[in-house]
1. Where only protein heavy atoms count, and the probe is 1.4 Å, what is the accessible area per residue for the chain in Å²?
2. If you filter region 37-117 for GluC sites (Glu not before Pro), then keep DSSP loop positions with at most 11 other Cβ within 10 Å, what is left?
3. Taking +1 at the Cβ of each Lys and Arg and -1 at the Cβ of each Asp and Glu, which of 100, 17, 420 sits farthest along the dipole of the chain towards its positive end, judged by Cα position relative to the Cα centre?
4. Based on DSSP, what percent of beta bridges with both residues in the chain are antiparallel, to the nearest 5?
5. Find how much the distance from residue 165 to residue 179 grows on full extension, using 0.36 nm per residue of separation minus their present alpha carbon separation; answer in nm with one decimal.
6. When a/c reaches 1.5 or more, the comparison of a/b and b/c decides; with that in mind, is region 101-188 rounded, prolate or oblate per its Cα gyration tensor?
7. What's the extension gain from residue 316 to residue 37 if we count 0.36 nm per residue and subtract their Cα-Cα distance?
8. Applying the Karplus parametrisation 6.51 cos²θ - 1.76 cosθ + 1.60 with θ = phi - 60° to the phi angles of region 310-325, what ³J(HN,Hα) value in whole Hz is obtained for each residue in order, glycine and proline being reported as x?
Amino acid sequence: MEFTECYKQTGPCSFSPNSRFIAVAVDYRLVIRDLLSFKVVQLFSCLDKISYIEWALDSEYILCGLYKRPMIQAWSLSQPEWTCKIDEGPAGIAYARWSPDSRHILTTSEFQLRLTVWSLVNTACVHVQWPKHASKGVSFTRDGKFAAICTRRDCKDYVNLLSCHTWEIMGIFAVDTVDLADIEWSPDDSAIVIWDSPLEYKVLIYSPDGRCLFKYQAYESGLGVKSVSWSPCGQFLAVGSYDQMVRVLNHLTWKTFAEFMHPNTVRSPCYAAVFKEVDEPLQLDMSELCLTDDFSQGNDDAPEEPFRVRYEVMEVPINLPSQKPPADKPNPKQGIGILSWSNDSQYICTRNDSMPTVLWIWDVRHLELAAILVQKDPIKAAAWDPTCTRLVLCTGSTHLYMWTPSGAYCVHVPLPQFTITDLKWNRDGSCLFLKDKESFCCAAVPMLAESSEYSSDE
(Lines give C-alpha, C1' and ligand atoms only; values in the text may rest on other atoms or scores of the structure.)
Protein backbone atom coordinates (compact mmCIF):
# COMPACT_ATOMS: atom_id res chain seq x y z
CA MET A 1 0.00 0.00 0.00
CA GLU A 2 1.09 3.54 -0.73
CA PHE A 3 0.14 6.49 1.49
CA THR A 4 0.01 10.21 0.78
CA GLU A 5 1.37 12.79 3.17
CA CYS A 6 -0.85 14.34 5.86
CA TYR A 7 -3.20 17.19 5.03
CA LYS A 8 -5.12 19.39 7.43
CA GLN A 9 -8.86 18.99 8.05
CA THR A 10 -11.18 20.33 10.73
CA GLY A 11 -14.45 18.69 9.80
CA PRO A 12 -16.23 16.67 7.12
CA CYS A 13 -14.45 15.20 4.10
CA SER A 14 -16.03 13.55 1.07
CA PHE A 15 -15.04 11.88 -2.21
CA SER A 16 -16.77 13.09 -5.36
CA PRO A 17 -19.11 10.51 -6.95
CA ASN A 18 -16.92 10.36 -10.07
CA SER A 19 -13.87 9.46 -7.89
CA ARG A 20 -11.81 12.34 -9.29
CA PHE A 21 -11.80 14.76 -6.33
CA ILE A 22 -11.90 14.93 -2.56
CA ALA A 23 -13.53 17.83 -0.71
CA VAL A 24 -12.13 18.78 2.69
CA ALA A 25 -13.41 21.30 5.23
CA VAL A 26 -10.70 23.41 6.86
CA ASP A 27 -12.50 25.83 9.22
CA TYR A 28 -14.49 28.10 6.90
CA ARG A 29 -12.64 27.06 3.74
CA LEU A 30 -13.65 24.28 1.36
CA VAL A 31 -10.60 22.69 -0.26
CA ILE A 32 -11.04 20.58 -3.42
CA ARG A 33 -8.08 18.32 -4.25
CA ASP A 34 -7.40 16.19 -7.30
CA LEU A 35 -7.18 12.51 -6.31
CA LEU A 36 -4.27 11.75 -8.69
CA SER A 37 -1.91 14.58 -7.77
CA PHE A 38 -3.55 15.80 -4.52
CA LYS A 39 -3.03 19.34 -5.73
CA VAL A 40 -5.62 21.94 -4.78
CA VAL A 41 -7.88 22.54 -7.80
CA GLN A 42 -10.44 24.82 -6.12
CA LEU A 43 -10.61 26.77 -2.87
CA PHE A 44 -13.91 28.24 -1.69
CA SER A 45 -14.40 30.53 1.32
CA CYS A 46 -17.65 30.13 3.24
CA LEU A 47 -19.23 32.60 5.66
CA ASP A 48 -18.74 30.40 8.72
CA LYS A 49 -17.24 27.12 9.86
CA ILE A 50 -18.35 24.18 7.69
CA SER A 51 -20.43 21.59 9.54
CA TYR A 52 -21.44 19.36 6.62
CA ILE A 53 -20.57 18.84 2.96
CA GLU A 54 -22.23 16.79 0.22
CA TRP A 55 -21.47 16.37 -3.46
CA ALA A 56 -24.13 16.45 -6.13
CA LEU A 57 -24.37 13.12 -7.99
CA ASP A 58 -22.92 14.63 -11.18
CA SER A 59 -19.83 15.88 -9.22
CA GLU A 60 -20.43 19.34 -10.66
CA TYR A 61 -21.78 21.03 -7.53
CA ILE A 62 -21.10 20.74 -3.81
CA LEU A 63 -23.01 22.13 -0.85
CA CYS A 64 -21.72 23.22 2.54
CA GLY A 65 -23.90 23.27 5.62
CA LEU A 66 -23.10 26.17 7.95
CA TYR A 67 -25.39 25.08 10.75
CA LYS A 68 -24.15 27.73 13.20
CA ARG A 69 -25.57 30.49 11.00
CA PRO A 70 -27.72 28.50 9.95
CA MET A 71 -27.17 28.65 6.19
CA ILE A 72 -26.35 26.59 3.10
CA GLN A 73 -23.77 27.57 0.49
CA ALA A 74 -23.34 25.72 -2.81
CA TRP A 75 -20.44 25.93 -5.25
CA SER A 76 -19.65 24.86 -8.80
CA LEU A 77 -16.36 23.24 -9.79
CA SER A 78 -16.47 24.28 -13.44
CA GLN A 79 -17.75 27.80 -12.70
CA PRO A 80 -15.92 29.02 -9.57
CA GLU A 81 -17.57 32.44 -9.80
CA TRP A 82 -21.05 30.86 -9.43
CA THR A 83 -22.41 30.57 -5.94
CA CYS A 84 -25.70 29.86 -4.20
CA LYS A 85 -26.75 30.80 -0.68
CA ILE A 86 -29.87 29.42 1.04
CA ASP A 87 -31.17 30.99 4.24
CA GLU A 88 -34.50 29.95 5.78
CA GLY A 89 -34.58 32.95 8.12
CA PRO A 90 -36.08 32.36 11.59
CA ALA A 91 -37.04 28.78 10.66
CA GLY A 92 -33.35 27.85 10.44
CA ILE A 93 -31.80 24.87 8.66
CA ALA A 94 -31.19 21.57 10.45
CA TYR A 95 -30.05 19.53 7.42
CA ALA A 96 -29.57 19.73 3.64
CA ARG A 97 -29.19 17.17 0.85
CA TRP A 98 -29.02 17.00 -2.94
CA SER A 99 -31.74 15.58 -5.14
CA PRO A 100 -30.74 12.85 -7.62
CA ASP A 101 -30.83 15.29 -10.58
CA SER A 102 -28.11 17.46 -8.95
CA ARG A 103 -30.18 20.60 -9.64
CA HIS A 104 -32.29 20.77 -6.48
CA ILE A 105 -31.38 21.07 -2.80
CA LEU A 106 -33.69 19.77 -0.06
CA THR A 107 -33.46 21.54 3.31
CA THR A 108 -35.19 20.68 6.57
CA SER A 109 -35.94 23.52 8.98
CA GLU A 110 -35.37 23.46 12.71
CA PHE A 111 -38.03 21.64 14.76
CA GLN A 112 -39.05 19.83 11.52
CA LEU A 113 -41.53 22.56 10.57
CA ARG A 114 -41.11 22.02 6.83
CA LEU A 115 -38.94 20.49 4.14
CA THR A 116 -38.16 22.80 1.22
CA VAL A 117 -37.04 21.83 -2.28
CA TRP A 118 -34.94 24.63 -3.82
CA SER A 119 -34.31 24.70 -7.56
CA LEU A 120 -30.93 25.90 -8.86
CA VAL A 121 -32.42 26.30 -12.34
CA ASN A 122 -35.35 28.69 -11.86
CA THR A 123 -35.16 29.60 -8.14
CA ALA A 124 -38.57 27.99 -7.54
CA CYS A 125 -39.24 26.19 -4.24
CA VAL A 126 -41.70 23.56 -3.03
CA HIS A 127 -42.67 22.97 0.61
CA VAL A 128 -43.57 19.73 2.41
CA GLN A 129 -45.05 20.36 5.84
CA TRP A 130 -44.04 18.53 9.03
CA PRO A 131 -41.16 16.26 7.97
CA LYS A 132 -40.59 13.52 10.55
CA HIS A 133 -36.82 13.92 10.89
CA ALA A 134 -34.08 16.33 9.88
CA SER A 135 -31.37 14.04 8.51
CA LYS A 136 -33.40 10.82 8.21
CA GLY A 137 -36.79 9.96 6.83
CA VAL A 138 -36.02 10.78 3.16
CA SER A 139 -35.12 8.20 0.51
CA PHE A 140 -34.76 8.36 -3.27
CA THR A 141 -35.25 5.59 -5.82
CA ARG A 142 -32.11 4.33 -7.57
CA ASP A 143 -33.35 5.71 -10.90
CA GLY A 144 -33.80 9.13 -9.29
CA LYS A 145 -37.44 9.49 -10.35
CA PHE A 146 -39.20 9.45 -6.98
CA ALA A 147 -38.63 10.53 -3.39
CA ALA A 148 -40.26 9.09 -0.28
CA ILE A 149 -40.52 11.68 2.49
CA CYS A 150 -41.81 10.78 5.96
CA THR A 151 -44.06 13.28 7.70
CA ARG A 152 -46.03 13.32 10.94
CA ARG A 153 -49.28 15.07 11.74
CA ASP A 154 -52.05 14.44 14.24
CA CYS A 155 -49.82 11.91 16.05
CA LYS A 156 -49.66 9.71 12.93
CA ASP A 157 -46.78 8.88 10.56
CA TYR A 158 -47.21 9.23 6.79
CA VAL A 159 -45.14 8.61 3.66
CA ASN A 160 -45.32 11.21 0.88
CA LEU A 161 -44.28 10.07 -2.60
CA LEU A 162 -43.01 12.94 -4.74
CA SER A 163 -41.95 13.07 -8.38
CA CYS A 164 -38.35 14.30 -8.61
CA HIS A 165 -39.19 15.85 -12.00
CA THR A 166 -42.09 18.13 -11.04
CA TRP A 167 -41.87 17.77 -7.21
CA GLU A 168 -45.60 17.18 -7.11
CA ILE A 169 -47.01 14.80 -4.50
CA MET A 170 -47.94 11.57 -6.30
CA GLY A 171 -49.48 9.92 -3.26
CA ILE A 172 -49.70 9.87 0.53
CA PHE A 173 -50.31 6.86 2.76
CA ALA A 174 -50.31 6.31 6.51
CA VAL A 175 -47.96 3.72 7.99
CA ASP A 176 -48.48 1.46 10.99
CA THR A 177 -45.73 2.83 13.21
CA VAL A 178 -45.76 4.29 16.70
CA ASP A 179 -42.71 6.50 16.12
CA LEU A 180 -41.16 6.00 12.66
CA ALA A 181 -37.36 5.81 12.79
CA ASP A 182 -36.33 5.75 9.11
CA ILE A 183 -37.20 4.68 5.56
CA GLU A 184 -35.29 3.20 2.63
CA TRP A 185 -36.14 2.12 -0.91
CA SER A 186 -35.05 -1.34 -1.98
CA PRO A 187 -32.17 -1.41 -4.51
CA ASP A 188 -34.59 -2.44 -7.30
CA ASP A 189 -37.11 0.30 -6.33
CA SER A 190 -39.90 -2.27 -5.93
CA ALA A 191 -40.44 -1.92 -2.17
CA ILE A 192 -39.99 0.46 0.74
CA VAL A 193 -38.81 -0.65 4.17
CA ILE A 194 -39.87 1.34 7.24
CA TRP A 195 -38.89 0.58 10.81
CA ASP A 196 -40.10 1.86 14.15
CA SER A 197 -38.23 3.44 17.04
CA PRO A 198 -36.27 1.18 19.42
CA LEU A 199 -39.24 1.18 21.81
CA GLU A 200 -41.35 -0.85 19.38
CA TYR A 201 -39.97 -3.78 17.36
CA LYS A 202 -41.59 -3.33 13.97
CA VAL A 203 -40.27 -3.61 10.40
CA LEU A 204 -42.78 -2.84 7.65
CA ILE A 205 -42.45 -3.54 3.93
CA TYR A 206 -44.63 -1.37 1.68
CA SER A 207 -45.21 -1.27 -2.06
CA PRO A 208 -44.91 2.17 -3.72
CA ASP A 209 -48.71 2.38 -3.95
CA GLY A 210 -49.06 2.12 -0.16
CA ARG A 211 -49.96 -1.56 0.28
CA CYS A 212 -48.34 -3.22 3.30
CA LEU A 213 -46.58 -6.28 1.89
CA PHE A 214 -45.28 -7.63 5.18
CA LYS A 215 -45.06 -6.76 8.85
CA TYR A 216 -42.16 -8.26 10.78
CA GLN A 217 -41.89 -8.37 14.56
CA ALA A 218 -39.29 -10.68 16.07
CA TYR A 219 -40.38 -10.09 19.68
CA GLU A 220 -42.62 -7.74 21.65
CA SER A 221 -40.93 -6.92 24.94
CA GLY A 222 -37.61 -5.10 25.11
CA LEU A 223 -35.79 -2.64 22.86
CA GLY A 224 -36.27 -3.40 19.16
CA VAL A 225 -34.56 -2.50 15.88
CA LYS A 226 -31.16 -0.78 15.91
CA SER A 227 -29.91 -1.12 12.32
CA VAL A 228 -31.37 -2.10 8.93
CA SER A 229 -29.54 -2.70 5.65
CA TRP A 230 -30.53 -3.91 2.17
CA SER A 231 -28.12 -6.20 0.38
CA PRO A 232 -26.68 -4.61 -2.80
CA CYS A 233 -28.46 -7.24 -4.92
CA GLY A 234 -31.80 -6.34 -3.32
CA GLN A 235 -32.69 -9.94 -2.47
CA PHE A 236 -32.01 -9.74 1.28
CA LEU A 237 -32.86 -7.39 4.13
CA ALA A 238 -30.75 -7.58 7.28
CA VAL A 239 -32.19 -6.34 10.58
CA GLY A 240 -29.95 -5.79 13.61
CA SER A 241 -31.64 -5.66 16.99
CA TYR A 242 -30.94 -4.77 20.60
CA ASP A 243 -31.20 -8.46 21.51
CA GLN A 244 -27.73 -8.88 19.90
CA MET A 245 -29.02 -10.78 16.88
CA VAL A 246 -29.10 -10.21 13.11
CA ARG A 247 -32.07 -11.56 11.19
CA VAL A 248 -32.04 -11.79 7.40
CA LEU A 249 -35.27 -11.68 5.38
CA ASN A 250 -35.69 -12.74 1.75
CA HIS A 251 -37.43 -10.52 -0.80
CA LEU A 252 -39.83 -13.17 -2.16
CA THR A 253 -41.82 -14.12 0.94
CA TRP A 254 -40.25 -11.61 3.38
CA LYS A 255 -39.69 -14.49 5.80
CA THR A 256 -36.61 -14.85 7.98
CA PHE A 257 -34.18 -17.42 6.59
CA ALA A 258 -31.14 -16.71 8.79
CA GLU A 259 -30.55 -15.65 12.38
CA PHE A 260 -27.02 -14.79 13.49
CA MET A 261 -26.27 -14.67 17.22
CA HIS A 262 -23.34 -12.91 18.92
CA PRO A 263 -22.49 -14.99 22.01
CA ASN A 264 -19.82 -14.07 24.55
CA THR A 265 -18.23 -17.51 24.18
CA VAL A 266 -17.59 -19.21 20.84
CA ARG A 267 -17.56 -22.99 21.16
CA SER A 268 -17.06 -25.96 18.90
CA PRO A 269 -18.32 -26.84 16.36
CA CYS A 270 -17.19 -23.56 14.81
CA TYR A 271 -15.36 -23.49 11.49
CA ALA A 272 -14.77 -19.75 11.48
CA ALA A 273 -11.24 -18.34 11.70
CA VAL A 274 -10.74 -16.31 14.88
CA PHE A 275 -8.08 -13.59 14.47
CA LYS A 276 -6.84 -11.81 17.58
CA GLU A 277 -4.70 -8.67 17.46
CA VAL A 278 -1.48 -9.12 19.46
CA ASP A 279 1.71 -7.16 20.09
CA GLU A 280 4.88 -9.03 19.26
CA PRO A 281 8.21 -7.58 20.45
CA LEU A 282 10.74 -7.18 17.68
CA GLN A 283 13.76 -9.45 18.21
CA LEU A 284 16.85 -7.34 17.47
CA ASP A 285 20.33 -8.83 17.31
CA MET A 286 22.44 -6.49 19.48
CA SER A 287 25.55 -8.70 19.70
CA GLU A 288 27.64 -6.76 17.18
CA LEU A 289 26.31 -3.30 18.02
CA CYS A 290 28.73 -0.95 19.82
CA LEU A 291 27.68 2.37 21.35
CA THR A 292 29.94 5.22 22.43
CA ASP A 293 29.93 6.44 26.01
CA ASP A 294 28.43 9.80 24.96
CA PHE A 295 25.46 8.12 23.27
CA SER A 296 24.79 5.69 26.12
CA GLN A 297 24.83 8.50 28.71
CA GLY A 298 22.33 10.59 26.75
CA ASN A 299 19.90 7.75 26.14
CA ASP A 300 17.50 8.56 28.99
CA ASP A 301 14.67 9.42 26.60
CA ALA A 302 14.92 6.22 24.60
CA PRO A 303 11.60 5.01 23.17
CA GLU A 304 9.90 1.94 24.51
CA GLU A 305 10.71 -1.46 23.09
CA PRO A 306 9.32 -1.59 19.54
CA PHE A 307 6.45 -3.93 18.80
CA ARG A 308 5.01 -5.45 15.69
CA VAL A 309 1.23 -5.70 15.54
CA ARG A 310 -0.13 -8.83 13.94
CA TYR A 311 -3.07 -11.23 14.01
CA GLU A 312 -2.83 -14.54 15.81
CA VAL A 313 -5.20 -17.35 14.87
CA MET A 314 -7.00 -18.59 18.00
CA GLU A 315 -8.56 -21.94 18.78
CA VAL A 316 -12.10 -22.41 20.05
CA PRO A 317 -13.55 -22.33 22.62
CA ILE A 318 -12.73 -18.66 23.20
CA ASN A 319 -14.23 -16.05 25.51
CA LEU A 320 -14.74 -12.73 23.78
CA PRO A 321 -14.30 -9.44 25.70
CA SER A 322 -17.67 -7.91 26.53
CA GLN A 323 -19.15 -5.27 28.80
CA LYS A 324 -22.58 -5.14 30.41
CA PRO A 325 -24.35 -1.81 29.85
CA PRO A 326 -25.67 -0.08 32.98
CA ALA A 327 -29.38 -0.64 33.46
CA ASP A 328 -30.05 2.88 34.79
CA LYS A 329 -28.80 4.83 31.74
CA PRO A 330 -30.57 5.48 28.42
CA ASN A 331 -29.27 4.42 24.98
CA PRO A 332 -27.43 1.32 26.18
CA LYS A 333 -24.32 0.25 24.30
CA GLN A 334 -25.84 -3.02 23.24
CA GLY A 335 -27.16 -4.53 20.05
CA ILE A 336 -26.01 -4.45 16.43
CA GLY A 337 -24.47 -1.02 15.91
CA ILE A 338 -22.52 -1.85 12.72
CA LEU A 339 -24.27 -3.80 9.95
CA SER A 340 -22.79 -3.74 6.45
CA TRP A 341 -22.95 -5.93 3.31
CA SER A 342 -20.09 -6.81 1.00
CA ASN A 343 -20.39 -5.64 -2.60
CA ASP A 344 -21.34 -9.14 -3.83
CA SER A 345 -24.01 -9.60 -1.10
CA GLN A 346 -22.28 -12.75 0.20
CA TYR A 347 -20.92 -11.42 3.49
CA ILE A 348 -22.22 -9.25 6.33
CA CYS A 349 -19.96 -7.63 8.91
CA THR A 350 -21.49 -6.81 12.29
CA ARG A 351 -20.49 -5.33 15.63
CA ASN A 352 -22.44 -5.99 18.79
CA ASP A 353 -22.00 -2.78 20.79
CA SER A 354 -21.65 -4.67 24.08
CA MET A 355 -18.53 -6.25 22.51
CA PRO A 356 -17.02 -3.14 20.88
CA THR A 357 -13.64 -4.74 20.11
CA VAL A 358 -15.07 -7.69 18.16
CA LEU A 359 -16.10 -7.71 14.49
CA TRP A 360 -18.12 -10.63 13.15
CA ILE A 361 -18.16 -11.64 9.48
CA TRP A 362 -21.03 -13.85 8.30
CA ASP A 363 -21.27 -15.89 5.11
CA VAL A 364 -24.87 -15.54 3.92
CA ARG A 365 -24.42 -17.97 1.04
CA HIS A 366 -23.48 -20.81 3.39
CA LEU A 367 -25.41 -19.44 6.42
CA GLU A 368 -22.42 -19.66 8.73
CA LEU A 369 -19.89 -17.58 10.59
CA ALA A 370 -16.88 -16.91 8.35
CA ALA A 371 -14.49 -15.05 10.68
CA ILE A 372 -14.15 -13.16 13.96
CA LEU A 373 -11.70 -10.27 14.41
CA VAL A 374 -10.79 -9.51 18.03
CA GLN A 375 -9.10 -6.11 18.35
CA LYS A 376 -7.28 -4.51 21.25
CA ASP A 377 -9.32 -1.31 21.05
CA PRO A 378 -12.99 -0.57 20.23
CA ILE A 379 -13.76 -0.61 16.51
CA LYS A 380 -14.39 2.92 15.22
CA ALA A 381 -15.43 2.14 11.63
CA ALA A 382 -15.54 -0.68 9.10
CA ALA A 383 -16.08 -0.45 5.33
CA TRP A 384 -16.22 -2.94 2.46
CA ASP A 385 -14.25 -2.40 -0.72
CA PRO A 386 -16.88 -1.43 -3.35
CA THR A 387 -15.18 -3.54 -6.03
CA CYS A 388 -14.18 -6.79 -4.29
CA THR A 389 -14.57 -8.84 -1.12
CA ARG A 390 -12.22 -6.91 1.14
CA LEU A 391 -13.07 -5.34 4.50
CA VAL A 392 -11.07 -2.59 6.21
CA LEU A 393 -11.51 -1.37 9.77
CA CYS A 394 -9.89 1.02 12.23
CA THR A 395 -9.74 1.28 16.02
CA GLY A 396 -8.17 4.68 16.65
CA SER A 397 -4.66 3.20 16.50
CA THR A 398 -1.80 3.71 14.06
CA HIS A 399 -2.76 0.55 12.18
CA LEU A 400 -5.22 -0.33 9.47
CA TYR A 401 -6.81 -3.78 9.60
CA MET A 402 -8.00 -5.79 6.60
CA TRP A 403 -9.88 -9.02 6.04
CA THR A 404 -10.46 -11.05 2.88
CA PRO A 405 -11.68 -14.64 2.51
CA SER A 406 -7.96 -15.56 2.27
CA GLY A 407 -7.10 -14.19 5.72
CA ALA A 408 -6.58 -11.06 7.83
CA TYR A 409 -3.64 -8.73 8.19
CA CYS A 410 -2.48 -5.48 9.81
CA VAL A 411 -0.96 -2.51 8.00
CA HIS A 412 1.04 0.16 9.80
CA VAL A 413 0.45 3.71 8.59
CA PRO A 414 3.94 5.21 8.05
CA LEU A 415 3.01 8.69 9.25
CA PRO A 416 4.16 10.08 12.61
CA GLN A 417 1.52 10.02 15.34
CA PHE A 418 -1.30 9.36 12.86
CA THR A 419 -4.19 7.51 14.49
CA ILE A 420 -7.10 6.39 12.30
CA THR A 421 -10.48 7.46 13.70
CA ASP A 422 -12.54 7.06 10.51
CA LEU A 423 -12.22 5.68 7.00
CA LYS A 424 -14.15 5.45 3.73
CA TRP A 425 -13.64 4.21 0.17
CA ASN A 426 -14.14 6.16 -3.00
CA ARG A 427 -16.62 4.67 -5.46
CA ASP A 428 -14.19 2.83 -7.72
CA GLY A 429 -12.22 1.33 -4.81
CA SER A 430 -8.93 2.88 -5.95
CA CYS A 431 -8.46 5.16 -2.93
CA LEU A 432 -9.03 4.78 0.80
CA PHE A 433 -9.57 7.87 2.96
CA LEU A 434 -8.08 7.75 6.48
CA LYS A 435 -8.97 10.41 9.03
CA ASP A 436 -7.13 11.54 12.16
CA LYS A 437 -8.37 14.12 14.64
CA GLU A 438 -7.00 17.14 12.75
CA SER A 439 -5.52 15.65 9.59
CA PHE A 440 -6.13 13.05 6.91
CA CYS A 441 -4.30 10.98 4.35
CA CYS A 442 -5.26 8.66 1.52
CA ALA A 443 -3.98 5.21 0.64
CA ALA A 444 -3.74 3.56 -2.76
CA VAL A 445 -4.88 -0.02 -2.23
CA PRO A 446 -3.65 -2.68 -4.69
CA MET A 447 -6.19 -4.68 -6.64
CA LEU A 448 -7.17 -7.93 -5.00
CA ALA A 449 -6.22 -10.97 -7.08
CA GLU A 450 -8.56 -13.95 -6.79
CA SER A 451 -5.75 -16.36 -6.02
CA SER A 452 -3.84 -14.11 -3.62
CA GLU A 453 -2.91 -15.47 -0.21
CA TYR A 454 -2.40 -13.15 2.75
CA SER A 455 -0.67 -13.84 6.01
CA SER A 456 -1.69 -12.32 9.31
CA ASP A 457 1.47 -10.23 9.62
CA GLU A 458 2.01 -6.64 8.57
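The values are calculated or read from the model by the stated rules, or taken from the named source; none is laboratory data. None of the values given here were measured: they were computed from a predicted structure. Glycine also receives a Cβ, built like all others from the backbone with ideal geometry; neighbour counts cover every protein chain displayed. To get the accessible areas, we keep the full protein, side chains included, count just its heavy atoms, and leave off ligands, DNA and RNA. Shrake-Rupley method; radii C 1.70, N 1.55, O 1.52, S 1.80 Å.
1. Accessible area per residue: 48 Å².
2. Within region 37-117, the qualifying GluC sites (Glu not before Pro) (loop, at most 11 other Cβ atoms within 10 Å) are 81.
3. With unit charges placed on the Cβ atoms, the residue in question is 100.
4. The antiparallel proportion sits near 95 percent.
5. Working: separation 14, 0.36 × 14 = 5.04 nm, distance 2.98 nm.
Gain in length upon complete extension: 2.1 nm.
6. The shape class here is oblate.
7. Values: separation 279, 0.36 × 279 = 100.44 nm, distance 4.74 nm.
Extra length from residue 316 to residue 37 when fully extended: 95.7 nm.
8. For region 310-325, the Karplus curve yields 8, 9, 10, 7, 9, 9, 8, x, 9, 8, 8, x, 9, 9, 8, x Hz.
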